[in-house]
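**Q** Can you keep this structure in mind? I'll have questions shortly.
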Amino acid sequence: MSKYGLDEQPEYSLSSAIQELDPVEVAPLYVGNPYDAEGEPIPISFSNATINPDTAIELARRSMSGEELTEEDGDLMSYATHSDGYAAVPHFDFFFPLAKALLDADIRDVAGEFRIYDNGAQVHGEVMFQDAESQLNLEGDREPLFVGLSVGNSYDGSCSMYAMGYAMDTYCKNSMRNLTARKSRKHIGEPDEVAEWWEEILLQMTAIRDVLGEIIEEALEIEIDFLNQPYDVEEFYEYLGLPGYLARAAATTARNRSPREGGTRTVLNLWTLYSGITSALTHDFNGTSEVGSIETYSQLAKELLFNPQKAIGDVKAAYEREQRRDDAVDERTIEQNLAMIENYEITLEDRKDEFEQFEEYMDSLLTAN
């Protein structure tokens with residue numbers, strides 16, 4: 001699959017892209033006895049290693065030709081070491097049943113990408129469904145959203161096999177991550193057991209699309225007038241939990257997009273504010289990992305969209321903590337500014353139960369038995 005091949009011919013079909021992913025095998029481990037320098041390494045039973053068999057075959061050829069191999073060669077061949085209960089599930093065995101399930105469901109118009117890390121040890125990516133029935137079309141003159149899945153697998157123990165709800169805002173190709181909780185499976189048991197995942201997951205995609213549509217329509221109606229708040233848009237993102245450089249990028253995008261979404265550069269609806277974060281994470285995030293901080297920031301974005309009443313409460317708490325640490329700010333000013341935030345919170349109170357139900361339902365979709 002090509003990278004977000006929305007308008008161009010994909011470089012690979014899904015099945016051929018899956019076949020390009022690196023394989024894996026489990027190899028035994030040996031330990032050298034430091035008190036027997038001349039002795040052979042001794043095998044151990046409570047650990048094993050995941051290796052790249054293609055690299056191992058090449059190293060075997062080099063060794064048979066008389067070449068002396070080094071630790072660097074061993075490191076190149078090995079993905080990681082594990083306990084003896086670890087079951088290595090090849091990327092092919094995990095992802096190819098998805099391709100088959102899509103064909104069985106007559107879903108053939110897909111796009112996306114796989115991102116490969118650490119010499120093939122990790123694969124993360126997205127598969128978006130582009131057929132007309134799967135697209136989410138919002139009211140008004142807006143580009144459709146493509147709903148799909150974030151997926152991943154690893155050979156180094158960095159993540160379990162997983163799938164979770166995903167969408168892409170085609171207006172500026174923003175990735176909408178972490179829309180549902182992860183449906184994950186540890187690397188134990190029989191690898192072919194993962195095949196049963198995909199049919200169950202695909203059955204939920206219509207529900208993800210429809211509920212996401214309802215959530216966005218709600219978010220388009222809820223506005224924040226930043227002239228009546230004690231922080232500007234960039235500071236709002238920082239109080240929400242974004243680092244400074246992402247807060248600046250998100251604020252720039254959100255202010256520029258707001259007039260197109262019916263607002264102004266100071267009155268922004270929640271969909272616009274959410275889009276600011278997804279744009280920053282898609283185009284400006286400078287991390288190098290698919291796990292860790294980007295997941296944390298994606299969860300902040302999701303909270304703002306799905307449960308803004310809680311997100312605003314978190315912003316208020318962060319604002320209050322910062323103000324009370326500043327000895328130059330008097331108590332009266334703090335209380336006045338907190339009252340401005342609380343007045344806005346009150347406007348969301350009636351929808352609190354609705355927001356929480358949206359969030360709980362979306363998190364239950366892929367993980368429900």
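**Q** Calculate the tail of P(r) for the range 40-157: the fraction of all Cα-Cα distances greater than 22 Å, expressed in %.
**A** Every Cα pair in the range 40-157 considered, those over 22 Å come to 54 percent.
**Q** Okay, moving on. Kirkwood Rh, the range 234-312, all Cα pairs: how many Å?
**A** 12.4 Å
**Q** Can you list which of the trypsin sites (Lys or Arg not before Pro) found in the range 241-328 are DSSP loop residues with at most 14 other C-beta atoms within 10 Å?
**A** Arg265
**Q** At R0 = 25 Å, how high is the FRET efficiency between Glu214 and Asn256 if r is their beta carbon distance? Nearest 0.05 is fine.
**A** It comes out at approximately 0.40.
**Q** When ligands, DNA and RNA are left out and all protein chains stay put, how many square angstrom of accessible area per residue does the range 222-367 have with a 1.4 Å probe?
**A** Computed with neighbouring chains in place, this is 45 Å² per residue.
**Q** Taking every pair of alpha-carbon atoms in the range 76-123, give the share separated by more than 18 Å as a whole percent.
**A** 48 percent
**Q** Give the ranking of Phe129, Phe114 by solvent-accessible surface, highest area first, calculated with a 1.4 Å probe.
**A** Highest to lowest solvent-accessible surface, that is Phe114, Phe129.
**Q** Ranked by accessible surface with a 1.4 Å probe, highest first, in what order do Asp314, Asp353 come?
**A** From most exposed to least exposed: Asp353, Asp314.
**Q** Here is a further query. Based on C-alpha coordinates, I'd like the Rg and Dmax of the range 25-83, in Å.
**A** 12.6, 34
**Q** Below 24 Å, Cα to Cα, which lysines can Lys352 reach? Residues fewer than 8 away in the same chain don't count.
**A** Qualifying lysines at Cα under 24 Å: Lys302, Lys310, Lys316.
**Q** Calculate the FRET efficiency for Ala60 and Cys172 from the Cβ-Cβ distance with a Förster distance of 51 Å, rounded to the nearest 0.05.
**A** Efficiency, from the Cβ-Cβ distance: 0.55.
**Q** Still on this structure: Compute the distance in nm between two label points, each set 7 Å from the Cα along the Cα-to-Cβ direction, one at Met340 and one at Ala328.
**A** It is 1.7 nm.
**Q** Share of the range 222-367's accessible area from carbon and sulfur, percent, 1.4 Å?
**A** Carbon with sulfur: 45 percent of the solvent-accessible area.
**Q** Nearest 10 degrees is fine. How inclined is helix 91-104 to the longest principal axis of the chain, computing both from alpha carbons?
**A** Helix 91-104 sits at roughly 60 degrees to that axis.
**Q** Moving on. Taking all pairs of distinct Cα atoms, average 1/r, flip it, and tell me the Kirkwood hydrodynamic radius of the chain in Å to one decimal place.
**A** Taking the inverse mean of 1/r over all distinct Cα pairs, the chain comes out at 23.1 Å.
**Q** Would you give the gap between the C-alpha center of the range 306-369 and the C-alpha center of the range 47-122, rounded to a whole Å?
**A** One Cα centre to the other: 44 Å.
**Q** Which three semi-axes in whole Å describe the equivalent ellipsoid of the range 107-220, each the square root of 5 times a Cα gyration tensor eigenvalue, listed largest first?
**A** After diagonalising the Cα gyration tensor, the semi-axes are 28, 15, 12 Å.
**Q** Let me ask something additional. For Leu338, Leu300, what's the largest-to-smallest order of accessible area, 1.4 Å probe?
**A** Result of the area sort, largest leading: Leu300, Leu338.
**Q** Let me ask another. Return one whole number: the accessible area per residue of the range 26-124 in Å², for a 1.4 Å probe.
**A** Using a 1.4 Å probe on heavy atoms only, each residue of the range 26-124 averages 61 Å².
**Q** Is there a quick way to get the dipole size of the range 25-83? I mean about its Cα centre, with the Cβ of Lys and Arg at +1 and of Asp and Glu at -1; what is the value in debye to the nearest 20?
**A** About 220 debye.
**Q** A further question follows. With a cut-off of 8 Å between alpha carbons and a minimum separation of six or more residues, what is the relative contact order of the chain in percent?
**A** About 13 percent, as a whole number.
**Q** Summing +1 for each Lys or Arg and -1 for each Asp or Glu, what net charge is found among the other residues whose Cβ lies under 14 Å from the Cβ of Ser83?
**A** So the surrounding residues net to -1.
**Q** Tell me, what is the Rg over Rh of the range 191-342, with Rh the Kirkwood radius over Cα pairs?
**A** 1.06
**Q** Using only the Cα atoms of the range 258-358, what semi-axes does the equivalent ellipsoid have when each is the square root of 5 times a gyration tensor eigenvalue? Give whole Å, largest first.
**A** So the equivalent ellipsoid measures 26, 19, 15 Å along its semi-axes.
**Q** Need one number: convex hull volume per residue for the range 1-102, Cα atoms only, in Å³.
**A** 146 Å³
The values are calculated or read from the model by the stated rules, or taken from the named source; none is laboratory data. Quick caveat, the model's predicted, so the values are computed rather than measured. Positions of Cβ are generated from backbone atoms using ideal geometry, with glycine treated the same way; all protein chains shown enter the neighbour counts. Surface areas here come from the heavy atoms of the whole protein model, side chains and all, with no ligands, DNA or RNA. Shrake-Rupley method; radii C 1.70, N 1.55, O 1.52, S 1.80 Å.
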